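One structure below.
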Amino acid sequence: MSICGKFVYIITEANQAIKVVAQRTGLSAHVIRIWEKRYGAVAPERTATNRRLYPEEQIERLSLLRDVTQAGHSIGHVAKLPTEKLRQLARESHGANGNASESRTTARAVPAASRFLNEGLAAVKALDARALEETLKSAAIEVGAQGLLQRVVAPLVVSLGDLWRDGVLTAAHEHFASAVIRIFLGQAAKPFGGTESAPVLVVATPAGQIHELGALLVGAAAANLGWHVTYLGASLPAAEIAGAARQNRARAVALSLVYPEDDLRLEGELTRLREALPPDVTLLVGGRATPAYHDALKKIGAVQMNDLAQLYNALDDVRKTAKKVKR
């Protein structure tokens, strides 16, 4: 029991510390904090020393949110839904995912992915390339290619960005992580290489956007779906991105916007890129800074995405449109 002034907190089974909640839900403590801080998914109580305490109903919410986000729902869309609605979505997801055996397999993958995420963060903090590579290899074996991308690499990218913004990690840590992840994902994507007739996707970040981990993730995800990916890297002028798209006859261009969120020059870059691209080339844009440029992106007709599930849907739409045009 902790007493300070008029505040009294009793840590019982009904009020769990974040470490216990992480173990029970299979979510990392960092992800739980992000879902609370950024999306308002839960509102834990606080002790006099500012420790988070989670009552049982909030632990259930986190478990439900874990299930529905793994089924493809964006955390931004479901974070504030009533718990009963989350239960309904979770039931529908389990029904769509198949039999009980399959559900048990998914349940085992959740804590595994959380473990790999924590190991990956530790490796980046230590600038230990071998440890990061081994973590990614183990994750690919245990949770599969899609599990690696959606449950390990994607949250790792978000966590690294948050830690960089909070001053916990330096730019050197992010560059280190980018180099290791780029090589690993490039090798992992080789077996999924598309055929000669596969559509081409150009991936980059526009001028001024220097963080490329999100772009690397997009490129790997698209390659996993059989696209030919031309990866250009970070902070490229509109003319160069458009030139690469034209030269490679790309069906789509994907941009990652992470930081900064208030670059006054970016709207002009986006407009110039759209004007330089052929009309039938789809412009896909995602990343944590995307909402800050919503109006500019809407003006040029860009497809805005919040997560990998929406990226997959957008890429499928591009392929379907291309097939209709050929007919």
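What follows draws every value from the coordinates through simple rules; no lab data is involved. Not measured: the values here are computed from a predicted model. Methodologically, a virtual Cβ is constructed for each residue, glycine included, from the backbone with ideal geometry; neighbour enumeration extends over all protein chains shown.
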### Task
Count the DSSP beta bridges whose two residues both fall in the chain, then state the antiparallel fraction as a percent rounded to the nearest 5.
30 percent
### Task
Compute the signed sum of charges (Lys and Arg +1, Asp and Glu -1) over the other residues within less than 13 Å, Cβ to Cβ, of Ser159.
+3
### Query
Say a paramagnetic label sat at a point 7 Å from the Cα of Gln146, along Cα to Cβ; which residues of the stretch 280-314 have their backbone N under 15 Å from it?
308-314
#### Entry: the stretch 193-326, relative contact order [Cα under 8 Å, separation at least 6], %
25 percent
### Query
Say each of Ala309 and Arg46 gets a label point 7 Å from the Cα, pointing the same way as Cα to Cβ; how far apart are those two points in nm?
3.1 nm
### Task
Please arrange Val42, Val168, Val152 by counting, for each residue, the other beta carbons lying within 10 Å of its beta carbon, fewest first.
Val168, Val42, Val152
### Summary
Here, Ile183 and Gln247, labelled 7 Å along Cα→Cβ, have an inter-label distance in nm of 2.6 nm
### Task
Let me know the Kirkwood hydrodynamic radius for the chain, please, with Cα pairs as the basis and the value in Å to one decimal.
21.1 Å
### Message
When 1/r is averaged over all different Cα pairs and the result inverted, which Kirkwood radius in Å belongs to the stretch 183-327?
### Response
15.0 Å
### Task
Would you calculate a helix-derived [θ] at 222 nm for the chain, using -39,500 (n - 2.57) for each DSSP H run of n ≥ 4 and dividing by the full residue count, to the nearest 500?
-18000 deg cm²/dmol
#### Entry: Set of the stretch 43-62 residues, backbone N closer than 19 Å to the point 7 Å along the Cα-Cβ line of Arg24
43-47, 51-62
### Message
List the pairs from Lys19/Lys80; Lys19/Lys125; Lys85/Lys320 whose alpha-carbon separation is above 26 Å, in the order I gave them.
### Response
Lys85/Lys320
#### Entry: Residues of the stretch 251-270 with amide N under 17 Å of the 7 Å Cα→Cβ point at Asp295
261-270
### Message
If I model a spin label at Glu56 and Lys137 as a point 7 Å from the Cα along the Cα→Cβ vector, what separation in nanometres do I get?
### Response
4.5 nm
